[in-house]
There are 2 protein chains.
Amino acid sequence: MADELEGLLFPGSVAVVGASSAPGKIGHALFSNVAQSFSGPVFAVNPGYRELRGRPCVPEISDIPEPVDLAVIVIPAAMVPGVLEECGQLGIKNAIVISGGFKEAGCEGAQLEAKLVEIAGRHSINLLGPNCLGLISTQAGLNATFAPGGARPGEIAFLSQSGAFCTAVLDWAWKAQLGFSHFISLGNKAVLSEEDFLEAFVHDPRTKVVAAYLEGVKDGQRFLRTAREVTAFKPVVVIKSGRAEAGARAVSSHTGSLAGSDRAYEAAFRQAGVIRARNVEELFDFAYMLARQAVPKGKRVGIVTNAGGPGVMATDAVEMEGLEVARFTENTARALAEGMPPAASIYNPVDILGDARAGRYREAVRLVTADPNVDMVVALSAPVAILTYAELAAILAEARREHEKPVACSFMVGELGEEAESILREAGIPSAFDPARAVRAVSGLVRYADIRRAPRQEPGEYPVDRERAAAVLAEAKRRDRVRLGVEAMGLLEAYGIATARGALARSPEEVERALLDLGESVVLKLVSPDMSHKSDVGGVRVGVPADKAAEEAWHMLNMAQARFPEMPIDGILVQEHLSPGVEVIVGMVRDPTFGPLVMFGLGGVHVEVMGDVAFAVAPLSRVEAERLVRSIRAYPVLRGVRGQPGIDVDGLVEVLERLSQAAVEFPELLELEANPIMCYPHRVLAVDLRLTVSGEG
Amino acid sequence: MADELEGLLFPGSVAVVGASSAPGKIGHALFSNVAQSFSGPVFAVNPGYRELRGRPCVPEISDIPEPVDLAVIVIPAAMVPGVLEECGQLGIKNAIVISGGFKEAGCEGAQLEAKLVEIAGRHSINLLGPNCLGLISTQAGLNATFAPGGARPGEIAFLSQSGAFCTAVLDWAWKAQLGFSHFISLGNKAVLSEEDFLEAFVHDPRTKVVAAYLEGVKDGQRFLRTAREVTAFKPVVVIKSGRAEAGARAVSSHTGSLAGSDRAYEAAFRQAGVIRARNVEELFDFAYMLARQAVPKGKRVGIVTNAGGPGVMATDAVEMEGLEVARFTENTARALAEGMPPAASIYNPVDILGDARAGRYREAVRLVTADPNVDMVVALSAPVAILTYAELAAILAEARREHEKPVACSFMVGELGEEAESILREAGIPSAFDPARAVRAVSGLVRYADIRRAPRQEPGEYPVDRERAAAVLAEAKRRDRVRLGVEAMGLLEAYGIATARGALARSPEEVERALLDLGESVVLKLVSPDMSHKSDVGGVRVGVPADKAAEEAWHMLNMAQARFPEMPIDGILVQEHLSPGVEVIVGMVRDPTFGPLVMFGLGGVHVEVMGDVAFAVAPLSRVEAERLVRSIRAYPVLRGVRGQPGIDVDGLVEVLERLSQAAVEFPELLELEANPIMCYPHRVLAVDLRLTVSGEG
């Protein structure tokens, strides 16, 4: 798709359908922008004019005498399908529909939008919008938006699902002198969506970072795949709004109640290497730094300051952002001791004191930046009369040039002055009044460095007994059951997940047979699709002596039938009585956007009360499954604490991988929870199971 | 003390000792500031001049012909004690020592500083500094700093332990037009510290909020007491730097390893109602809002926007800051439905659409602000051609005036323009490009509202057997023991904390005697001050049948003596074997700044692995002890989960109060940990104990 967007992002000629000369009209603003910005052929289409702003104006798009690469359409919604069809017939492969009145406007609009999708599909048209502000490609010199201002050239490709946010960012970024390679208002995403643009930007040499405001992604699995590819080459920073959105799904397990749309996004972003910004400030602080500076080798920060207080603030921020205060080499320490006055602090943060002039500042910055133990530098300065911020800016610009390490600064002053600002801008060094914000800027680079370094792996595929698993689900369907319990443990076994030994018994004789090899005491579980009554009748007995098992089982069965005559009972599961181990829960729900979402947590109060769980989108690669296991707070329990041995973490990781594979291979599995899974030093056994299957299909 | 600072903050006359006419000298900058700003009598003291800037200059401070309220001293450190002594003899009760070269400069300086403290104490001089920038009192019209700029009048009293940060803030605030009532550089805090100024500000009618940058507090308990009094009347917002500071104390318990200086500050701030800002931006965002706007009744936010995207961002921020999106009354919903166009969203956030002119904006803001379900309003606006930001600012100013509810806005634009800015400033309404920052501004008000509403209670005092407790500690001292174990359980009993029944036995006969009433099985614990060997020899046996206890105890004793002949052994504790319950840990360490710091957490992996603990500074009031118990993540476990009954939470709270009382009454208790304390539905019993007592005294 990357090359396919060439004509949209770098058109050779542009037609504006609905161009107007009436100020206040969108068609006027849009055409003015296109005509003013674009050096290639521009055509206006409007039956009311023969000429507009000195450009030819034709009644119909088919009247344009030359081939057109891009049609920008700004006419009433009802007329758009006709024009788009015409574009298709004319071989125009790229269109931006600015007009609103589609899906966002209700049922009729949605039908119109469906028509656009159909036409674009039939003619292979790259369609941006509808209901958008348009796009700006500073490289193509094209402003195809109706915004009052334009964008400066730069290294950030910006995508936004909110047109209003686009307008706001354009205005603010112009004043802040922040530049963009591409600036895209996604609108309703009828055809082209974030995934297409991500693909297009990955090989765009001018785009150093992708920054996006998203309210949702169109195709979760494709987004994950695409974003993962992109982040191997360049960073992607996203504000995903709608954190608060309530999950509206039927819930029959802990997994279900803890999963939610935002959990899925959080997991997908982590897996795809997308950096999630918490707010607008962070989005652009990160994007600026990532666009302008190189990724550091590590996370060790060197701090140079002319005042103690700000130095401590920066140190705190380093800690809070998960970075490290660098320890200088002996050489650096010695050179600082020689070069700085005795009262200076030569340890990190280096406090060169308030009487430091430019020379001392330069020397300290030079020594700290050159230190091999320093991965990046944060320079601070409270205002002093003997030093100008322009001098300081030049010192930092020089250090950055020489050492190619990231540099950010906090010049703690009301206004920097144009000279200092332009030096910093030229050097790509951000400055903030707040030392914490300077540290946060470099932290964005470190986050991306970690993403780049993280091993990338394709999910593996275990040889499994798919037929047996299918048979378990088919049996459920045959019996018209949607919710299954231990009777479906065969599904886990089919996927190579070990389960506690046991057998379903329907008579005292079958109980006796089941008892063979299960040891001195067993567990009895009433098997019934009726979950609520099962617990009412005490459907689980633990530690029943083997010689009393048949009797107890019979009693359990009779009790249940006596109390709830209507209750369907499959029998009694006679299961081995396991010794105590570490109980974990592995679950799966199907997210409407991302598909199968796997959950992991420790049993007992950890999941239910503490909410100490982690999620990942399936399919899981080995490293993703490992990360999932490691990412709960209680992870040390699995490695062994308080004199307990650790459990078979590798075996557990494999269970997660296998379960993820089952979730992917059987889309009718809507929700699943293996709880508990008993973990021991050398084995991992599923003991109980609940799952919900789709009634369809 | 409040009134006592009157002469420092509102002097009638000022002398500058060390005033100079040489530009570049601190004595010059300082005297210029004082002379330019202050309308009362100003005297220069310097043997080199007879007149300075048209003011009389005398060789010695004693030569000043009139009484002087405040002496500002900026002469070499070594000369300061002499001048201060002279001030004392002249009856000058207030002094600011600007000069550096004291404690911050090493040993000799520290001796000089000690002299200042002695002189100030003897003459009851309010001494600010040394080593500070000075102070500005905009109310007194006095700038007694050597900063290049001054401060505008305002409602924020500012304290800073960093002089450089003072200079930075002055410059930035001047540009940002942020005003101060008082602006204080604390310097070395030899005499006056944050506590004194907090006391002074509490009744200062012009100070609406105290904002401070602190690297530490001088007297933890006094700070806690004072700040608690102040925050009942006005908010205190603090950046406390040095989060990362490693605790450097000997550690012999979980409590010790988890406690740290920052934990103590965090606890003290919470108990005192001090709002802790994470960074400079937050400090001033909170301070501005708290200075200018009223505290809201609740935390329900009404949002008005002319664009969907920013509305969603604000909603997310509301969620992240722990606020609530308001649900409008039916009246409001109806009025909005009537007043807004059909495509508008009339639910919160109210999206009045991009084509809204001032009239529609005013109507929406008016309806939302007036709604009784709305406690505060956040107004957003993306740039549109049909609406100026000055109009919007006026609409918000009007709404704020009419309804006295907090209002913040995010006008998403590069530059607001002077007209809009001055209207907002006049109305005390903050604006930020980022919607999340506007929400954060109101969240500061809600945090203070919660602090104001929280019940304030004095710690109670339980009748306890202090003599018995003292005897336990005296016995330890007599035996030259610093670390004690179960043998010190009498201390808990003396403080009315129930303990598991049991008795120390030194012979089989004593074991038999101890067994009476302990039931069918017991616990045996080897009692020895030698903790490490105790576990090596398996010094604890649980569930020993009563009829075998004497034999087992004897065996345990012999084994220990055989393996470690040098090991001192007190005997065997024969303890009742408790049924399973919820295990909690209550601990105490002595913080160098705040004194006794009480820790609470759940046993098992919760404290050790999950770090799920909470701290509070003793003495604890009932409500503080309750809050401590409630504030761990695992709190629901205490209320009962997974079919388990809840525990006696009131009893547990009382244990915390009693233990806090012991910690306060016995300063020789350095560290203590009751672990576990077994909790049941109707009782709470301490089972084991470790404590460290001071070797001194």
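In region A:361-388, burial by the other protein chains removes 50 Å² or more of 1.4 Å probe accessible surface, compared with the chain on its own, from A:Pro383. For region B:290-453, the relative contact order works out to 29 percent when only alpha carbon pairs closer than 8 Å and six or more residues apart are counted.
Per residue of B:301-311, other chain Cβ atoms within 10 Å of the residue Cβ number 4 on average.
Nearest 100 Å² is fine: what is the total accessible surface buried where chains A and B meet, probe 1.4 Å? Each step should come with its number before you reach the end.
On the way: alone 29430 and 29430 Å², together 54580 Å².
Roughly 4300 Å².
In degrees from 0 to 90, rounded to the nearest 10, what is the angle of the helix A:418-427 Cα long axis to the longest principal axis of chain A? Between the helix axis and the principal axis of chain A, the angle is about 50 degrees.
When the protein assembly as shown is described by a simple charge dipole with +1 on each Lys and Arg Cβ and -1 on each Asp and Glu Cβ, the residue from B:Ala120, A:Ala436, B:Met412 located farthest towards its positive end is B:Met412. Using the Cβ-Cβ distance between A:Arg327 and A:Ala562 with R0 set to 60 Å, the FRET efficiency works out to roughly 0.20.
Could you order the peptides A:614-622, B:573-581 from most to least packed, using the average number of other C-beta atoms within 10 Å per residue?
Result, highest mean Cβ count within 10 Å first: A:614-622, B:573-581.
Compare each residue of region B:269-288 in its chain alone against the assembly with all protein chains, and report those whose accessible area goes down by 10 Å² or more; 1.4 Å probe, heavy atoms. Residues losing area: B:Arg278, B:Asn279, B:Val280, B:Glu281. For the protein assembly as shown, the spread of Cα coordinates along the three principal axes comes to 100, 98, 67 Å, biggest extent given first. Per-residue extension of 0.36 nm, minus the Cα-Cα distance of B:Arg222 and B:Gln36, leaves a gain of 63.3 nm for this segment. Here the sum of -39500 (n - 2.57) over DSSP H runs of 4 or more residues, divided by the residues of chain A, equals -12000 deg cm²/dmol at 222 nm, to the nearest 500. Residue by residue along B:164-176, Cβ atoms of other protein chains within 10 Å of the local Cβ number 6 on average. The residues of chain A present an accessible area of 39 Å² per residue when probed at 1.4 Å with all protein chains retained. Per residue, the average separation of C-alpha pairs within less than 8 Å and at least 6 apart gives chain A a relative contact order of 9 percent. On the accessible surface of region B:582-693, probed at 1.4 Å, how many percent belong to carbon and sulfur atoms? Ligands and nucleic acids excluded, carbon and sulfur reach 49 percent.
Cross-link partners of A:Lys297 among aspartates and glutamates, defined as those whose alpha carbon lies under 15 angstrom from its own and excluding same-chain residues fewer than eight positions apart: A:Glu324, A:Asp371, A:Asp375, A:Glu404, A:Asp450. Pairs exceeding 32 Å between alpha-carbon atoms, taken from A:Lys115/A:Lys240; A:Lys189/A:Lys405; B:Lys189/B:Lys234; B:Lys240/B:Lys299: A:Lys189/A:Lys405.
Using the Cβ-Cβ distance between B:Val540 and A:Glu426 with R0 set to 56 Å, the FRET efficiency from 1/(1 + (r/R0)^6) comes to roughly 0.20.
Check the axis relating chain B to chain A and name the residue of B whose C-beta is nearest, distance in whole Å. With distances in whole Å, chain B gives B:Met610, 4.
Using a 1.4 Å probe on the protein chains only, how many percent of the accessible area of region A:6-241 belongs to carbon and sulfur?
The nonpolar share, carbon plus sulfur, comes to 54 percent.
If R0 is 45 Å, the Cβ-Cβ spacing of B:Arg206 and A:Asp355 corresponds to a FRET efficiency of close to 0.80. Measure nothing fancy, just the Cα-based angle from helix A:280-292's long axis to the longest principal axis of chain A, in degrees from 0 to 90, nearest 10. That works out to roughly 70 degrees.
Structural size metrics of chain B, computed from C-alpha coordinates, are Rg and Dmax of 31.7, 100 Å. Each copy carries a label point for A:Glu419 at 7 Å from Cα along the beta-carbon vector; from one copy to the others these points are 3.5 nm apart, nearest first. Solvent-accessible area of region B:468-567 (1.4 angstrom probe, protein heavy atoms only): carbon and sulfur portion equals 51 percent. Placing a label point 7 Å from Cα along the Cα-to-Cβ direction at A:Ala78 gives distances to the equivalent points in the other copies of 9.6 nm, listed shortest first.
Distance between the modelled labels on B:Ala454 and B:Tyr347, one decimal in nanometres: 3.4 nm (7 Å Cα→Cβ projection). Extension gain for the segment B:Ala105 to B:Ala176, taken as residue separation times 0.36 nm less the Cα-Cα distance, is 22.1 nm to one decimal. Projecting label points 7 angstrom from Cα along Cα→Cβ for B:Glu512 and B:Glu4 puts them 6.9 nm apart. Take B:Arg206, push a point 7 Å out from Cα through the beta-carbon direction, and compare it with the same point in every other copy: 5.6 nm, smallest first.
Of the residues making up region B:406-453, those losing 10 Å² or more of accessible area when the isolated chain is joined by the remaining protein chains, with a 1.4 Å probe, are B:Met412, B:Val413, B:Gly414, B:Glu415, B:Phe433, B:Asp434, B:Ala436, B:Arg437.
Relative to the longest principal axis of the Cα atoms of chain B, the long axis of helix B:649-665 makes an angle of roughly 80 degrees.
When the Cα positions of B:Val623, B:Val80, B:Gly302 are compared along the charge dipole of chain B, B:Gly302 comes out farthest toward the positive end, with charges on each C-beta of Lys, Arg, Asp and Glu.
The values are calculated or read from the model by the stated rules, or taken from the named source; none is laboratory data. This structure is a prediction, so every number in the text was calculated from the model and none was measured. In this analysis, Cβ positions are derived from the backbone assuming ideal geometry, glycine residues included, and neighbour counts consider all displayed protein chains. Please note that ligands, DNA and RNA were not included when accessible areas were found on the heavy atoms of the full protein model with its side chains. Shrake-Rupley method; radii C 1.70, N 1.55, O 1.52, S 1.80 Å.
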